[in-house]
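The block underneath contains the structure these notes are about, expressed in structure tokens.
Just so you know, all these numbers are worked out from the coordinates, no wet-lab data involved. Note that the structure is a prediction, hence the values are computed from the model and not measured.
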Amino acid sequence: MATERTLSIIKPDATRRNITGKVLAMLEEAGLRVVAQKRLQLTKEQAEAFYAVHKERAFFGDLVSFMTSGPVVVQVLEGDNAVAENRRVMGATNPVDAEDGTIRRTFAENIEANTVHGSDSAENAAQEIRFFFSDLEITG
Ligand code: RTP
Ligand code: MG
């Protein structure tokens, strides 16, 4: 299996409820290793740029408001098949559709305030990691 890196965001609903450690524990239990991490407050411009792929979607404005409603914790996660493995442990976008034992089933409030983001392909992971981190900030 290939060792990969993926970009994870613990979203404002989780920082607001002080459950970032519980979310991180589930990521680590899934075999993912934090190789970079920081807590920050996204600006409107940063959130719009990060989610630019969704800019035509009806939920875009709400998503940007939510993602700027409080601090986030951004992480680079490393592990075997990290992109797919992270998506698996996150669960479906809408928590009512997410499998038992997944982060979103366990913690998400609704389809928007759904606790975590994870890159959806290796190509997007590389781009999203560059959005938040320099090479100097990432260490296995
Ligand atoms: P993410 O990008 O955050 O990892 O989530 P995802 O791939 O599972 O979902 P995606 O379709 O990329 O949507 C990005 C985020 O937008 C919010 N959303 N709101 N109100 C809605 O119908 C709706 N749909 C999506 C969620 O925060 C979702 O994670
Ligand atoms: Mg997505």
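A few remarks follow.
- Karplus-derived HN-Hα couplings along the range 32-42 (A = 6.51, B = -1.76, C = 1.60, θ = phi - 60°), whole Hz, x at Gly and Pro: 8, 10, 7, 10, 6, 7, 8, 9, 8, 9, 5
- Segment Val53-Glu123, length gained on full extension (0.36 nm per residue, minus Cα span): 23.8 nm
- Cut-off under 5 Å, modelled amide H: who pairs with Glu4 long-range: Gly79, Asp80, Asn81, Ala82
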